[in-house]
Amino acid sequence: MRLRHIFVCLLVVFGSWCLGSNCGAHFGAIIPSNDIVGKDDPKGITLDIKFIHPMEQHYMNMEKPRNFSVFHKGKRTDLLTELKPVKGKAPDQQEQCTFWQADYAIKSPGDYTFFVEPAPYWEPAEDIFIVHYPKVCVNALGLEEGWDEPIGLETEIVPLTRPYGLWTGNVFQGQVLVNGRPVANAEVEVEYLNASPDNPKLVHAPSDPFVTQVVKADSNGVFTYAMPRAGWWGFSALNEASYTLQHDGEEKGVEIGAVYWVHTTDMQ
């Protein structure tokens, strides 16, 4: 997907993003206020749902998602009505963009996998629609059970590394699936969520290749990446959908993205 990003940077249309052009990757994001809820922690968490360039902190306007749910102990619960629109922007953006936020109360132990199906996003610079399916896992009250279960999304990353309790420098390993099947040799883009509360000082990339890291999966769709800084890291595997959508009366391709977010912490 690296050539695609170069193409975007050359052909970007002003106004297709909330502000100007940049060369980072699009990422659907779902970031909880806490990824581990202990017995002495507040049982309520807040989740931010965005469409952004994480490393460069550029926002795109996001329509209300088609689906926002949580998977816990084998049961899926619809949370779409809990979403509230919020405005935000990067420091160098002139106009604010819409993203979404929801509060959720933890009621029992176990792993809670939150996931989103967004409305298709039309990207004129690439002449395609983009549909990313972000996931994140929150562990609650000491029961580590459920984090490795697939949800059954059109495309998703299933973690092979427990996706919480990770130190800076740990590796994250996941498997890329499309329609439940592994994607051999999938290309996975990796970005750091800059200005993370863990590291309020911004990371400045010395050149474009440092903004979006790229790793290749093996023949079973399995990839591995070591995370060098504390904070939130996003992993995105992009594929072409088997269907098209109409834009201005023409059939257009759809990029589907399996996205997974994990958090790392510095050792003290």
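Limited to the stretch 96-133, what total is found for residues that are charged (D, E, K, R), in a strand (DSSP E or B) and either surrounded by fewer than 15 Cβ atoms within 10 Å (Cβ to Cβ) or modelled with pLDDT under 95 (or both)? Don't jump to the end; show me each part of the working.
Within the stretch 96-133, the first condition is being charged (D, E, K, R), and the residues that meet it are 103, 107, 111, 117, 123, 126-127.
Checking the rest, the ones that are also in a strand (DSSP E or B) come to 103, 111, 117, 123.
Adding the requirement that they be either surrounded by fewer than 15 Cβ atoms within 10 Å (Cβ to Cβ) or modelled with pLDDT under 95 (or both) leaves 103, 123.
Final tally of qualifying residues: 2.
If I filter the stretch 134-144 down to residues being touching a Pro at 6+ places or on another chain (Cβ under 8 Å) and either of a type in the set (D, E, K, R) or assigned to a strand (DSSP E or B) (or both), which single residue comes out as farthest from Glu250 (Cα to Cα)? Outline the logic, then answer.
At the first step, the residues of the stretch 134-144 found to be touching a Pro at 6+ places or on another chain (Cβ under 8 Å) are 136-138, 140-143.
Remaining after also requiring either of a type in the set (D, E, K, R) or assigned to a strand (DSSP E or B) (or both): 136-138, 140.
Working: Val136: 35, Cys137: 38, Val138: 41, Ala140: 47 Å.
Here the residue is Ala140.
Filter the stretch 93-112 down to the residues that are of a type in the set (Ser, Thr, Tyr) and over 22 Å from the mean Cα position of the chain (by Cα) and list them by number. Reasoning before the result, please.
Taking the stretch 93-112 first, the residues of a type in the set (Ser, Thr, Tyr) are 98, 104, 108, 112.
Listed by number, the list holds a single entry, Ser108.
Kindly indicate which of Gly174, Gly152 is touching a residue at least 24 places away in the same chain (Cβ under 8 Å), closer than 15 Å to Phe223 by Cβ and within 18 Å of the chain's Cα centre (by Cα). Full working, then the answer.
Values: Gly152 fails: closer than 15 Å to Phe223 by Cβ.
Every option except Gly174 fails the conditions.
Can you work out which of the residues in the stretch 134-149 that are under 30 Å from Ala241 (Cα atoms) and either surrounded by 18 or more Cβ atoms within 10 Å (Cβ to Cβ) or among the aromatic types (Phe, Trp, Tyr) (or both) is farthest from the chain's Cα centre (by Cα)? Write out each step before concluding.
Of the residues in the stretch 134-149, the ones under 30 Å from Ala241 (Cα atoms) are 134-138, 146-149.
This time we only want the ones that are either surrounded by 18 or more Cβ atoms within 10 Å (Cβ to Cβ) or among the aromatic types (Phe, Trp, Tyr) (or both), so: 134-138, 147.
Details: Pro134: 4, Lys135: 6, Val136: 8, Cys137: 12, Val138: 14, Trp147: 16 Å.
Applying the filter and picking the extreme gives Trp147.
Return the total of residues in the stretch 152-172 being in a strand (DSSP E or B) and loosely packed, with under 13 Cβ neighbours inside 10 Å. Lay out the reasoning, then the answer.
The first filter runs over the stretch 152-172 and keeps only residues in a strand (DSSP E or B), leaving 155-159, 166-167, 171-172.
From what is left, the residues that are loosely packed, with under 13 Cβ neighbours inside 10 Å are 167, 171.
Selection size over the stretch 152-172: 2.
Could you please let me know if Glu240 is modelled with pLDDT of 95 or more, acidic (Asp, Glu) and closer than 21 Å to Asp35 by Cβ?
Numbers: modelled with pLDDT of 95 or more: yes; acidic (Asp, Glu): yes; closer than 21 Å to Asp35 by Cβ: no.
No.
Looking only at the stretch 91-113, decide whether some residue is touching a helix residue (DSSP H, G or I) at 6+ places or on another chain (Cβ under 8 Å) and acidic (Asp, Glu).
yes
For the stretch 76-95, give me each residue that is of a type outside the set (Asp, Glu), in contact (Cβ under 8 Å) with a residue 24 or more places away in the chain and surrounded by 11 or more Cβ atoms within 10 Å (Cβ to Cβ). It would help to see each step written out before you state the result.
First pass over the stretch 76-95, keeping only residues of a type outside the set (Asp, Glu): 76-77, 79-81, 83-91, 93-94.
Still in the running and in contact (Cβ under 8 Å) with a residue 24 or more places away in the chain: 76, 79, 83, 86, 88-91, 93-94.
Passing the criteria: Arg76, Leu79, Leu83, Val86, Gly88, Lys89, Ala90, Gln93.
Quick one: which strands (runs of 3 or more DSSP E) sit completely within the stretch 216-268 and have at least 2 residues that are surrounded by fewer than 16 Cβ atoms within 10 Å (Cβ to Cβ)? Talk me through it step by step, then tell me what you get.
On the way: elements: 222-226, 231-240, 245-247, 250-252, 254-265.
Of the strands (runs of 3 or more DSSP E) lying wholly inside the stretch 216-268, those with at least 2 residues that are surrounded by fewer than 16 Cβ atoms within 10 Å (Cβ to Cβ) span 222-226, 245-247, 250-252.
Can you tell me which residues in the stretch 113-127 are among the β-branched types (Val, Ile, Thr) and over 16 Å from the mean Cα position of the chain (by Cα)?
Applying the first criterion (among the β-branched types (Val, Ile, Thr)) to the stretch 113-127 yields 113, 116.
Of everything in the stretch 113-127, nothing turns out to be among the β-branched types (Val, Ile, Thr) and over 16 Å from the mean Cα position of the chain (by Cα).
Can you confirm whether Pro209 is in a loop (DSSP other than H, G, I, E, B) and either out of contact with any Phe, Trp or Tyr (no Cβ under 6 Å at 6 or more places or on another chain) or in contact (Cβ under 8 Å) with a residue 40 or more places away in the chain (or both)? Spell out the reasoning first.
Values: in a loop (DSSP other than H, G, I, E, B): no; either out of contact with any Phe, Trp or Tyr (no Cβ under 6 Å at 6 or more places or on another chain) or in contact (Cβ under 8 Å) with a residue 40 or more places away in the chain (or both): yes.
Answer is no for this residue.
The values are calculated or read from the model by the stated rules, or taken from the named source; none is laboratory data. This is a predicted model, so every value here is computed, not measured. Backbone-built Cβ (ideal geometry, glycine too); neighbour counts: all protein chains shown.
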